[in-house]
Amino acid sequence: MTSLTINGKEYGVDASADMPLLWVIREQCGLTGTKFGCGIAQCGACTVHIDGQPVRSCVTPAISAEGKNITTIEGIALDKNTLHIVQQAWIEEQTPQCGYCQSGQIMSAVALLNENPSPTDEEIDAAMSGNICRCGMYSRIKSAIHRASASLQTSNTL
Amino acid sequence: MKKWTRRAFIGAGVLAGGTLVIGIAIRPGNRSSKVAGLIASEGETVMNIWLKIAPDNTVTAIIPHAEMGQGVHTALAMMLADEMDADWSKVTFQEAPADKEYANFTLLKGFVAGNSTFPKFIDETIDGVFLTAVKTLNFQITGGSASVRFTGQQAMRIAGAAAKSMLMQAAADTWKVPTEELIAQNSIISHPSSKRSATFAELAPAAAKVTIPIQPKLKSPEEFNLMGTSQPRFDIPAKVTGEAKFGMDVQVPGMKYATIKAAPVFGSKVKSVDTKVSSSQPGVKKILNLGDSVAVIADGYWQAKTTLDSLPIEFEATENSGLNQDEIMDRYRKAMDADLADGNLDKHFKDGDATNALEQAATLVEAEYQLPFLAHATMEPMNCTAWVHDGKCEVWCGSQNPLGVKAAAAELLEIDIDMVTVHNQLLGGGFGRRSETDVMKQAILIAKEVDYPVKLIWSREEDTQHDVYREATISRMKAGLDQSGLPIAYTHQFIFKHHPPEAADIPYSIPNQLIQYSSPATFVPWGNWRSVDHSTHGFLTESFIDELAHAAKKDPFAYRKNLTKDNSRFQRVLDLVYEKSNWGSPLPPNWGRGIAIAQSFGSIVAEVAEVEVGIDGKVKVHRVVCAVDPGFAIHPDGFIAQMESGIIYGLAAAMTGEVTIENGAVVQSNFHNYPVTRMNEAPKIETHIINSGNPPGGAGEPSTPVIAPAVTNAIFDATGIRIRQLPISKNDLRASIRPTT
Ligand code: FES
Ligand code: FES
């Protein structure tokens with residue numbers, strides 16, 4: 001038994017040495033917001049945070065995350081009724097199409113804005129190009145990041 | 001047998017299931033028990049198979065299409081609510097069960113008859129053509145850009161208008177006033193002069209008894225309140241919180257996981273595999289030899305996958321086991337040569353005497369084009385959950401064709417179709433791939449062997465190597481120009497004609513045309529790929545017309561305009577893209593501008609691409625201006641998103657998309673060797689819509705065929721190199737090899 005802390009909650013899981021965090025999160029913890037897209041760190045659909053850093057959970061052994069804070073898409077809203085600023089921006093820009101890539105996009109965007117609250121287009125490109133969107137919603141993702149960045153500025157100055 | 005009448009088609013409520021629901025049978029043969037399944041709570045009135053009204057005055061649109069991100073649930077509900085004058089804040093939707101009542105015959109017609117509109121559609125329902133066709137075809141597909149065009153126009157709007165008219169009639173009867181004095185607004189019907197009013201819900205029980213109108217009056221565009229506005233999409237909030245449930249996310253109590261490896265060479269069989277589960281395979285429940293594939297069932301995907309990867313599996317060799325891509329293309333060429341020599345080509349279109357006219361021409365232009373196989377690469381890999389128990393079968397999947405899944409399950413298990421339940425989920429991308437039933441059949445065959453539910457998940461590798469592919473093709477085009485540079489003859493020989501049948505037509509007025517095709521033998525499975533045959537012909541036609549313009553030393557925009565003079569919709573779209581792209585304005589060195597236009601699925605799309613080709617040959621698409629006449633955009637913001645999506649999808653294919661066969665099997669396996677467009681490669685896209693008032697055209701597909709030629713025409717403008725083989729990455733575009741002008 002391995003113990004993992006996901007979104008502030010403890011989960012006892014059964015993970016072999018090589019079992020990726022992705023499958024533990026989805027199948028054993030029942031948190032299906034984190035998606036499987038490629039399994040080889042090519043698409044970003046499985047992005048979660050470990051101690052605030054974005055990682056590709058499909059190639060991260062679950063046991064390596066023991067004792068660390070894992071955050072998934074289900075854990076970024078402040079509470080049930082208050083979405084994260086990035087999630088709000090995503091709704092305002094009507095960003096998702098099929099939506100399958102969007103948990104990963106949002107997790108990458110949150111990590112980017114934590115590091116760099118007002119990224120330029122080029123900085124967004126650099127941070128987000130590991131996340132594929134087959135529906136091609138890149139311009140909306142970019143606008144949503146700028147929008148979230150703008151609301152961060154206003155909420156910080158309040 | 002009684003006829004399927006229009007009245008019954010529009011339908012009314014039913015009495016069933018202990019819940020009071022007032023009305024008459026949906027159609028002869030009484031389907032009430034099925035329709036009763038739509039009733040979620042006490043007191044709801046099903047007005048017809050497309051909508052119901054709850055006691056709290058909520059209107060629910062019942063929508064027979066899957067949501068793959070095109071916003072179809074929102075757009076179709078808007079069409080219904082607008083005709084009904086319902087209060088949008090109290091409108092919701094429910095995805096219809098996979099039932100024949102919702103089968104979309106018009107979709108089929110959309111594919112087969114393409115651009116044509118079908119004013120006669122409703123008439124045909126009267127003579128039973130609809131019913132017969134539905135019976136044989138079992139269609140409830142989301143594809144062919146059909147949702148808004150057919151279900152929306154011909155079911156949702158009519159259902160909404162019919163319901164409103166019935167509610168009005170009920171109010172008029174109750175209050176003993178003429179219907180002309182009544183006003184419907186925000187789900188309330190009022191009679192201003194007597195200051196009486198009642199909600200839809202209050203009137204619903206009486207309305208369900210009213211005779212159903214045969215010709216409910218539809219609104220004209222000036223009367224639209226919702227259609228043409230961009231309401232927030234229903235499906236979005238759940239997609240930012242991780243709550244949205246895709247096929248991949250289905251959880252059924254007691255469920256196990258499976259993954260599969262099919263014979264790498266299409267059509268090959270498993271020769272040997274050891275299906276005994278050993279103690280060194282923890283969590284593994286079963287290893288199955290399915291004849292053409294091997295599956296492993298385990299406690300989790302990872303155990304199943306690692307076990308499958310470690311299994312020594314031998315596959316039988318077939319006649320195709322040694323076949324490579326070049327040989328396939330060679331065979332195609334030889335088949336075309338032979339068909340031409342033997343006069344065996346199938347005729348697509350003939351007008352005048354092209355062969356003779358070519359001989360009279362002042363200038364002859366000839367080109368051979370080659371396009372690769374393409375995979376769909378939906379973001380969500382293929383998957384399906386199935387549970388076979390007690391003579392029943394339950395299937396959970398994201399499907400563009402749930403009725404097809406149902407029929408396939410019944411056939412496979414030899415059970416009655418009513419014993420199959422399909423729980424359709426959100427689709428993580430469809431693009432045509434999810435209109436197939438191959439994965440569902442595998443899941444059912446696996447689940448049949450055990451007594452618990454099984455979720456079958458394909459690895460990305462399996463998804464790439466066992467897709468149904470956009471056809472690779474060869475195309476030979478010839479045209480003759482007169483002294484002034486105008487085309488007087490056009491011939492085109494291509495291979496493989498699928499759907500829609502008009503895709504190889506050209507929009508240009510050229511006298512003397514001969515368009516023919518061959519259908520050589522192939523073993524690579526074919527499937528609908530976003531925009532289907534338009535994805536090839538858009539590139540072919542628009543590349544070649546560009547070649548003609550350059551051969552005639554004419555501006556490619558002006559040349560197209562000149563040859564579409566009789567088509568006012570084309571003229572407007574061309575003018576708009578000209579203006580918005582600043583066509584003709586200067587560009588930096590090594591930049592080029594290219595134009596292309598095509599009509600597909602009822603929408604006309606022109607795109608101008610601005611491209612930079614570095615001296616190292618690297619292509620960067622900076623900007624795409626898109627002008628489109630979709631007739632009428634029901635949800636403009638969603639429509640724009642679809643245009644952008646189709647452009648990025650087509651761009652990925654144009655730039656790097658290529659599936660190649662080596663030793664009979666697909667070489668590419670994942671995003672590292674089947675690269676797709678990423679954010680840093682995505683151009684800025686500007687979309688401009690013309691609401692021309694024509695019947696609504698498709699949104700999800702029509703922007704795709706145009707992007708490849710817009711980009712390659714721009715590359716020609718920048719470099720003087722004509723790209724006749726896709727993907728673009730196969731072409732050497734370095735400055736050192738460019739022709740000097
Ligand atoms: S699933 Fe992890 S990067 Fe694609
Ligand atoms: S929204 Fe469909 S893959 Fe990004």
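The values are calculated or read from the model by the stated rules, or taken from the named source; none is laboratory data. Note that this is a predicted model, so its numbers are computed, not measured. Virtual Cβ from ideal backbone geometry, glycine too; neighbours counted across all protein chains shown. The protein model used for the area step is the full one, side chains on, heavy atoms only, and it has no ligands, DNA or RNA in it. Shrake-Rupley method; radii C 1.70, N 1.55, O 1.52, S 1.80 Å.
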Filter result (farther than 24 Å from B:E243 by Cα and over 28 Å from the mean Cα position of the chain (by Cα)) within the range B:386-425 = B:V388, B:H389, B:D390, B:G391, B:K392, B:L413, B:E414, B:I415, B:D416, B:M419
Of a type outside the set (D, E, K, R), open to solvent by less than 10 Å² (accessible area, probe 1.4 Å) and farther than 19 Å from B:G429 by Cβ: does that describe A:I145?
-> yes
Quick one: would you say A:G30 is without any contact (Cβ under 8 Å) to a residue 60 or more places away in the chain and among the small types (G, A, S)?
-> yes
With the checklist (1) open to solvent by less than 10 Å² (accessible area, probe 1.4 Å); (2) assigned to a loop (DSSP other than H, G, I, E, B); (3) closer than 17 Å to B:L374 by Cβ in hand, flag the one item B:S669 doesn't pass.
-> (1)
Does B:E414 qualify as being more than 30 Å from B:P253 (Cα to Cα) and open to solvent by 30 Å² or more (accessible area, probe 1.4 Å)?
-> no
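Every residue, every condition in (1) open to solvent by less than 20 Å² (accessible area, probe 1.4 Å); (2) free of Cβ contacts under 8 Å to residues at least 60 places away in the same chain; (3) in a loop (DSSP other than H, G, I, E, B), yes or no:
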{"site": "B:G697", "(1), (2), (3)": "yes, no, yes"}
{"site": "B:V706", "(1), (2), (3)": "yes, no, no"}
{"site": "B:N713", "(1), (2), (3)": "yes, no, no"}
{"site": "B:R722", "(1), (2), (3)": "no, no, yes"}
Condition broken by A:V59, with the remaining ones in (1) within 16 Å of ligand 2 (Cβ to nearest atom); (2) assigned by TED's automatic domain parsing to the domain that holds A:G30; (3) among the hydrophobic types (A, V, I, L, M, F, W, C) satisfied | (1)
Residues being within 12 Å of ligand 2 (Cβ to nearest atom) and open to solvent by 10 Å² or more (accessible area, probe 1.4 Å): count how many of those fall in the range A:84-96.
-> 1
Taking the range B:454-494, which residues are of a type in the set (A, V, I, L, M) and surrounded by fewer than 23 Cβ atoms within 10 Å (Cβ to Cβ)?
-> B:V468, B:I474, B:L481, B:L486, B:I488
Which numbered condition B:E222 fails, given (1) more than 16 Å from ligand 1 (Cβ to nearest atom); (2) among the charged types (D, E, K, R); (3) within 14 Å of chain A (Cβ to nearest Cβ) | (3)
Of all the residues that make up the range A:59-83, how many are within 13 Å of chain B (Cβ to nearest Cβ) and open to solvent by less than 10 Å² (accessible area, probe 1.4 Å)?
-> 3
Restricting the range B:302-324 to residues that are among the small types (G, A, S) and within 35 Å of the chain's Cα centre (by Cα), the one farthest from B:V666 (Cα to Cα) turns out to be B:A304
Could you list, in sequence order, the residues of the range A:24-51 that are at the interface with chain B (Cβ under 7 Å from one of its Cβ atoms), touching a Gly at 6+ places or on another chain (Cβ under 6 Å) and within 10 Å of ligand 1 (Cβ to nearest atom)?
-> A:C43, A:A45
Condition met for A:T2 (open to solvent by less than 50 Å² (accessible area, probe 1.4 Å), among the polar types (S, T, N, Q), closer than 29 Å to B:N673 by Cβ and touching a residue at least 60 places away in the same chain (Cβ under 8 Å)) = no
Out of (1) crowded, with 17+ Cβ neighbours inside 10 Å; (2) at pLDDT 95 or above, the one A:L152 does not meet is (2)
For A:C101, the lone unmet condition from (1) of a type outside the set (V, I, T); (2) buried (at least 23 other Cβ atoms within 10 Å of the Cβ); (3) more than 16 Å from ligand 1 (Cβ to nearest atom) is (3)
Only one of (1) within 7 Å of chain B (Cβ to nearest Cβ); (2) under 21 Å from B:E686 (Cα atoms) fails for A:S103. Which number is that?
-> (2)
Top-ranked residue of the range A:117-158 - restricted to ones that are more than 9 Å from chain B (Cβ to nearest Cβ) and among the hydroxyl-bearing types (S, T, Y), ranked as nearest to ligand 2 (Cβ to nearest atom) | A:S143
